[in-house]
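S.K.: The structure is given below, and queries will be raised subsequently.
Computed from the coordinates by the stated procedures, all read-outs in this text should not be read as laboratory data. In this text the structure is predicted, and so the values were computed from the model without any measurement. Every residue, glycine as well, gets a Cβ built from its backbone with ideal geometry; the counts of neighbours run over all protein chains shown.
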Amino acid sequence: GATPVWQTATYRLAGMTCEACAQHVEHAVQQLPGVQAITVSYAQGTAQVRFDAQKSPAAQVEKAINGTGYQIIPRN
């Protein structure tokens, strides 16, 4: 099989209002193939994802996060 391409990405998220929101995002992203770990901090408004870019490109991870209804804040 293909060699994993591990990437760690940290996203800032808008719209999380509670701890359950953070868990919702974690759950959604964990469904993706190749996601090894995800840590969402409601307090900091961030999501850190470690994933295999061969199986789930960053764009797919971002799509999964945005699909939960919380927006990724683009970096300037």
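S.K.: Taking percent of Cα pairs over 16 Å apart as the quantity of interest, determine which of (i) 58; (ii) 46; (iii) 42 was computed from the displayed structure.
M.R.: Of the listed options (i) 58; (ii) 46; (iii) 42, (iii) comes from this structure.
S.K.: Using the crude model of +1 on Lys and Arg Cβ and -1 on Asp and Glu Cβ, and no other charge, please compute the dipole size for the chain relative to its Cα centre, in debye to 20.
M.R.: 180 debye
S.K.: Another one. Would you mind checking which residues have amide H under 5 Å from Gln54's amide H? H placed 1.01 Å from N; only 5 or more apart, or other chain.
M.R.: Here the answer is Val5, since their amide H atoms fall under 5 Å of that of Gln54.
S.K.: Can you tally the net charge around Ile72? Count Lys and Arg as +1, Asp and Glu as -1, for every other residue whose Cβ sits under 13 Å from the Cβ of Ile72.
M.R.: +2
S.K.: For Leu13, which sequence-distant residues (separation of 5 or more, or a different chain) have an amide H within less than 5 Å of its own amide H, given hydrogens modelled in the peptide plane?
M.R.: Under 5 Å from the amide H of Leu13: Thr46, Ala47, Ile73.
S.K.: Testing the spin-label approximation: label points 7 Å from Cα along Cα→Cβ at Ala14 and Arg75. State their distance in nm.
M.R.: In this crude label model, Ala14 to Arg75 measures out at 1.9 nm.
S.K.: While we're on this one: Mind listing the phi-derived Karplus ³J(HN,Hα) values for region 46-58, rounded to whole Hz, using 6.51, -1.76 and 1.60 with θ = phi - 60°, and x for any glycine or proline?
M.R.: Running phi through 6.51 cos²θ - 1.76 cosθ + 1.60 with θ = phi - 60° gives 10, 10, 10, 10, 10, 8, 8, 5, 5, 8, 9, x, 3 Hz.
S.K.: Another question, then. Would you work out which of Thr39, Ala22, Gln60 lies farthest towards the positive end of the dipole of the chain? Charges go on Cβ: Lys and Arg +1, Asp and Glu -1.
M.R.: Gln60
S.K.: Moving on to the next point. Report ³J(HN,Hα) in whole Hz for each residue of region 30-36, in order, from the Karplus equation J = 6.51 cos²θ - 1.76 cosθ + 1.60 where θ = phi - 60°; Gly and Pro get x.
M.R.: 5, 5, 6, x, x, 7, 8
S.K.: Output the relative contact order of region 3-76, whole-number percent, from Cα pairs under 8 angstrom with separation of 6+ residues.
M.R.: RCO, region 3-76: 42 percent.
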